[in-house]
Amino acid sequence: MRIDVVSVLPELLRSPFEHSIMKRAQDKGLLEVVVHNLRDYGLGRHRQIDDYQFGGGAGMVMMCEPLANCLDDLKKERTYGEIIFLTPDGERYRQGIANQLSLQENLILICGHYKGIDERIREHYVTREISIGDYVLSGGELAAAVLVDSIGRLLPGVLGDEQSALTDSFQDDLLAPPVYTRPANFRGWEVPEILTSGNTPKIEEWRYEQAMQRTKDRRPDLLEEGEE
Ligand code: 6GU
């Protein structure tokens, strides 16, 4: 899978994909992340990318032309399954969307800044708008990092243990059960006995019950029908 990210702050997006699972995914050739500096498409001597908004009001708006030229260049090279604009007024991101997007061959992520982007880009290029939660970030870069990470780890072969993406919190609409490692007794705090019993079916049953209880206590909304 290839993900092209369009940003005015590409430096913000270097480090998140240079470590751990995202690094391995790229080293194995399963994921390619390419960050494009929108400033390279800026207009004039000052490489301008934003301007005052028509009708007045505080805050700059990202102009059509740099974005359109950048997106046209990308679309010349390959076909994109979705062109996603990251914006606080988008659809709220959740695991089901990550699962869907992980099936695409090529994606574009556009990071917004200032007061956002000219509406005409949203109308004529963007196919999907996503927010990562009900709070305001300074720009879409951190949201883009969240999407790349959550999508990248779902690609076949990225996780060592094929099972582990499936047992993540949210993958079955349940939170994850508690986990423990050695020692079995730390400062008198004991690991639940069932986990050291060797009785695998009983352990699986215990984990499911714990996951269900944790979900009821913390996120009852996940147990309600009709979402995905
Ligand atoms: Cl995608 N962008 C910005 N700027 N703020 C956000 C967001 C995105 N999602 C939540 N807050």
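On the basis of being of a type in the set (K, R), surrounded by 15 or more Cβ atoms within 10 Å (Cβ to Cβ) and either assigned to a helix (DSSP H, G or I) or modelled with pLDDT of 95 or more (or both), does R24 make the cut? Against the criterion (of a type in the set (K, R), surrounded by 15 or more Cβ atoms within 10 Å (Cβ to Cβ) and either assigned to a helix (DSSP H, G or I) or modelled with pLDDT of 95 or more (or both)), R24 qualifies.
Given the structure, is R94 modelled with pLDDT of 95 or more, of a type in the set (K, R) and within 16 Å of the ligand (Cβ to nearest atom)? Yes. Close contacts from region 5-16, counting a first residue that is closer than 15 Å to L31 by Cβ and touching a residue at least 24 places away in the same chain (Cβ under 8 Å) and a second that is part of a strand (DSSP E or B) and small (G, A, S), with Cβ to Cβ under 7 Å and a gap of 6+ residues or different chains, come to L13/S7. When region 33-76 is filtered for residues that are among the hydrophobic types (A, V, I, L, M, F, W, C), surrounded by fewer than 16 Cβ atoms within 10 Å (Cβ to Cβ) and either under 12 Å from Y114 (Cβ atoms) or more than 29 Å from the chain's Cα centre (by Cα) (or both), the ones remaining, listed by number, are L43, F54, A58, M60.
When the residues of region 157-188 are narrowed to those that are outside any loop (DSSP other than H, G, I, E, B) and closer than 19 Å to L222 by Cβ, which ends up nearest to the ligand (Cβ to nearest atom)? Reasoning before the result, please.
As a first pass, look at region 157-188 and keep what is outside any loop (DSSP other than H, G, I, E, B): 163-166, 185-186.
Next, from what is left, pick out any that are closer than 19 Å to L222 by Cβ: 165-166.
Working: A165: 23, L166: 27 Å.
My answer is A165.
Checking the structure you have, find out if any residue of region 140-156 is away from the ligand (no atom under 16 Å from the Cβ), farther than 18 Å from L31 by Cβ and in a helix (DSSP H, G or I). Within region 140-156 (the criterion being away from the ligand (no atom under 16 Å from the Cβ), farther than 18 Å from L31 by Cβ and in a helix (DSSP H, G or I)), the answer is no, since none of the residues qualifies. Applying a threshold of 7 Å to beta carbon distances and a minimum spacing of six or more residues, or different chains, the list of pairs starting in region 35-54 at a residue that is in contact (Cβ under 8 Å) with a residue 60 or more places away in the chain and ending at one that is surrounded by fewer than 18 Cβ atoms within 10 Å (Cβ to Cβ) and assigned to a strand (DSSP E or B) reads D50/M60. For region 97-136, a tally of residues being part of a loop (DSSP other than H, G, I, E, B), at pLDDT 95 or above and crowded, with 17+ Cβ neighbours inside 10 Å returns 5.
The values are calculated or read from the model by the stated rules, or taken from the named source; none is laboratory data. Everything quoted here is computed from the prediction, not taken from an experiment. No Cβ is skipped: glycine too gets one built from the backbone with ideal geometry, and neighbour counts run over all protein chains shown.
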